[in-house]
Amino acid sequence: MRPAVETTYCDRCGEPAGAGSHDGCHAARELEPPRYCAHCRRRMKVQVVPAGWTASCVEHGTLSDH
C-alpha cells in the first residue's frame, strides 16, 4: 500500500506545481486572483470587486484578498 502524497497545483494554470517553470504564473498572480485550487486542481468560483477578490473551492473553502 502506497502512502498518501499530497500533490499541490499551480493556482493560476492548474498544472502540478513541480512540473516546469511557473515564472509567468507567479508574475500574473501579483495582479490576478487564483483560478484553480492548489490542493485539488478544481476550477474555483472567483469574484472580483473594487476592494479585492474572493475565490471559492467547493472542497477546500474560500480565499480572499480583502
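Read-outs: derived from the displayed coordinates by stated rules, not from any lab. These numbers were taken from a predicted model, which means no experiment stands behind them. Don't worry about glycine lacking a Cβ; one is built from the backbone with ideal geometry, like all the others, and counts go over all protein chains shown.
Scanning the range 15-55 for residues that are surrounded by 16 or more Cβ atoms within 10 Å (Cβ to Cβ) and polar (S, T, N, Q) yields a total of 1.
Scanning the range 30-66 for residues that are closer than 22 Å to residue 16 by Cβ and among the β-branched types (Val, Ile, Thr) yields 46, 58.
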